[in-house]
Structures are given as C-alpha cells and as structure tokens.
1. Give all pairs with beta carbons closer than 6 Å in which a residue from the range 21-46 that is of a type in the set (A, V, I, L, M, F, W, C) meets a residue that is more than 11 Å from the ligand (Cβ to nearest atom) and assigned to a loop (DSSP other than H, G, I, E, B); count only pairs at least 6 apart in sequence or on separate chains.
2. Quick test of your reading of the structure: M1 fulfils all but one of (1) in contact with a strand residue (DSSP E or B) (Cβ under 8 Å, 6 or more places away or on another chain); (2) exposed (fewer than 10 other Cβ atoms within 10 Å of the Cβ); (3) not β-branched (V, I, T). Name the failing condition by number.
3. In the range 13-54, which residue that is among the basic types (K, R) and surrounded by 11 or more Cβ atoms within 10 Å (Cβ to Cβ) is nearest to F72 (Cα to Cα)?
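FYI, it's all coordinate maths here, none of it is from the lab. Bear in mind that the values here come from a model prediction, so they are computed numbers and not experimental data. FYI the Cβ positions are ideal-geometry reconstructions off the backbone, even for glycines, and counts take in every protein chain you see.
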Amino acid sequence: MMVVYGTKKKLKTVKKLGRMRCTNCGHDVEASLTKEAGYFHICFIPVFPHLGYKIILCPNCGIMKKLTNEEFKELKDN
Ligand SMILES: [Zn+2]
C-alpha cells in the first residue's frame, strides 16, 4: 500500500498595506499583510495544522519580509 503524505499551504491576505518598496526585489508594489496557513496530511486527510509564517507579501518576488508575532500584530492593528 502506498501512503501519500506531505504538507499543504494556503496564503491568506489579512490586510492591504498599500504601496511599499520591496526590501527583497526593490520594486514599488502593492504589499499585503499575509498569513500562511498550513497543515500536514496523510493520504490527503489533514492530520494536524502546522504553524505558518506571517509575512509581508510582494506580488513581484513572492516574499518581502518575514514578521515576528509582535510586528504582525502592530501592522494588523494600525
Ligand atoms: Zn519583491
């Protein structure tokens, strides 16, 4: 029997941050505060969630900055 396992990831936009200069690729982009939600699955049945990253997402290069919980909360509440 073959067992298929792995992780699935989903990106969820929490808040639009407006135009920002990406620190990674240097482009002026519409940045968004994004949460990565993921889970571990066995045979495509979700088994347990794993902690995802909190990031500022750049639509050009895919990632601008990984955030700490404090940074994420501050940006979300402002
Ligand atoms: Zn970028």
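1. Hits for this filter: A37/G52; C43/V4.
2. (1)
3. K54
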